[in-house]
1. In region 130-151, how many are within 15 Å of residue 256 (Cβ to Cβ) and open to solvent by 30 Å² or more (accessible area, probe 1.4 Å)?
2. Condition first: assigned to a loop (DSSP other than H, G, I, E, B), surrounded by 14 or more Cβ atoms within 10 Å (Cβ to Cβ) and in contact with a strand residue (DSSP E or B) (Cβ under 8 Å, 6 or more places away or on another chain). Now tell me which residues in region 188-221 satisfy that.
3. When region 96-113 is examined, which residues are found to be open to solvent by 40 Å² or more (accessible area, probe 1.4 Å), assigned to a loop (DSSP other than H, G, I, E, B) and out of contact with any strand residue (DSSP E or B) (no Cβ under 8 Å at 6 or more places or on another chain)?
4. Could you tell me which of the residues 184, 173, 154 is of a type in the set (Val, Ile, Thr), in contact with a strand residue (DSSP E or B) (Cβ under 7 Å, 6 or more places away or on another chain) and assigned to a strand (DSSP E or B)?
5. Does region 241-260 contain at least one residue that is open to solvent by less than 60 Å² (accessible area, probe 1.4 Å), among the β-branched types (Val, Ile, Thr), closer than 18 Å to residue 88 by Cα and in a strand (DSSP E or B)?
6. Based on what the data block shows, is residue 228 aliphatic (A, V, I, L, M) and open to solvent by less than 20 Å² (accessible area, probe 1.4 Å)?
7. So the check is Cβ under 9 Å with 6+ separation or different chains; which pairs have a first residue in region 64-90 that's modelled with pLDDT under 95 and a second one that's small (Gly, Ala, Ser) and open to solvent by 30 Å² or more (accessible area, probe 1.4 Å)?
8. Residues that are modelled with pLDDT under 95 and touching a Gly at 6+ places or on another chain (Cβ under 8 Å): does region 177-191 have at least one?
Amino acid sequence: MRKLLFISLLIPLLGCGHSEPASPVQETDMNSKELTAQIPVKAKKDQQKVTARHTEDAEAVKKTSVIIDVPLIRQNPELKYGCEVTSLTMVLQHAGVQVGKMELYNEVKKDNDPLILSKGDILKWGNPEEGFVGDMTGRNAGYAVFDKPIEELVNKYLPGRAVNLTGRDFNEVLMHVSKGYPAVVWTTGDYRLPDRWESWTHSGKTIKTPLDLHAVVLAGYDDQFVFLNDPLSGKKKVKVSKERFISSWKALQSRAVSYQ
């Protein structure tokens, strides 16, 4: 665990994955003719159409350049650790919702479990999967919130329209953006692999997560780059290497939330 002094030096500069491996294919005693006979012709054709459509979609992502004009909103000075709700404010305003970051700050779920330290080490704190951990304003220690509470906020303002793309292939996220829907995505402060990991316990569960976590708006892409609205730097359409960004995004468990 990192010492609190180290944390206090790092977090103010930052603003604000794992999935199970695919199961192996099981062998079968049925020969190919028997297997084919059991699949209705219409079902096979429908499956072929779906496969073809997915292939076309993937190709469309590779060939298309998209940049969405998303309003830029800065998280500071009010929300030192509010990159997630500020990014969501940009996305919702793009959708035509008249809402501000402070309104979302008040409404996002909070995990109010107190920070418990021992000799400078974090022993216990909240779970960002359940709500924002700590003090978003920065008056006290604050951390982050993950995709589920952000998804709930989208549905509050756009009922039934939230799209949680967490855990999907990045091409699927790009396909969604190509339709004109920006997304809140989790990365790091410099869009590189996280290297400031911390862990603590919450309700008997170990929370292991990087301190250099950040959330931004994915507003576009081309063949080589993604374009981001960054609420911390206050910069619009920041151009970042797609390969570099995807690495950091995957390390943060491929989190992305949008609407449709």
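1. Number of matching residues: 2.
2. Answer for region 188-221, where residues must be assigned to a loop (DSSP other than H, G, I, E, B), surrounded by 14 or more Cβ atoms within 10 Å (Cβ to Cβ) and in contact with a strand residue (DSSP E or B) (Cβ under 8 Å, 6 or more places away or on another chain): 189, 191, 194, 196, 211, 212.
3. Those that are open to solvent by 40 Å² or more (accessible area, probe 1.4 Å), assigned to a loop (DSSP other than H, G, I, E, B) and out of contact with any strand residue (DSSP E or B) (no Cβ under 8 Å at 6 or more places or on another chain): 96, 98, 112.
4. 184
5. Yes: region 241-260 contains one or more residues that are open to solvent by less than 60 Å² (accessible area, probe 1.4 Å), among the β-branched types (Val, Ile, Thr), closer than 18 Å to residue 88 by Cα and in a strand (DSSP E or B).
6. yes
7. The qualifying pairs are 64/178.
8. The answer is no; no qualifying residue exists.
The values are calculated or read from the model by the stated rules, or taken from the named source; none is laboratory data. Computed from a prediction, not measured in an experiment: that's the story for all the values here. All Cβ positions, glycine included, derive from the backbone under ideal geometry; neighbour counts span all protein chains shown. Ligands, DNA and RNA are excluded from the accessible area calculation, which covers all protein heavy atoms including side chains. Shrake-Rupley method; radii C 1.70, N 1.55, O 1.52, S 1.80 Å.
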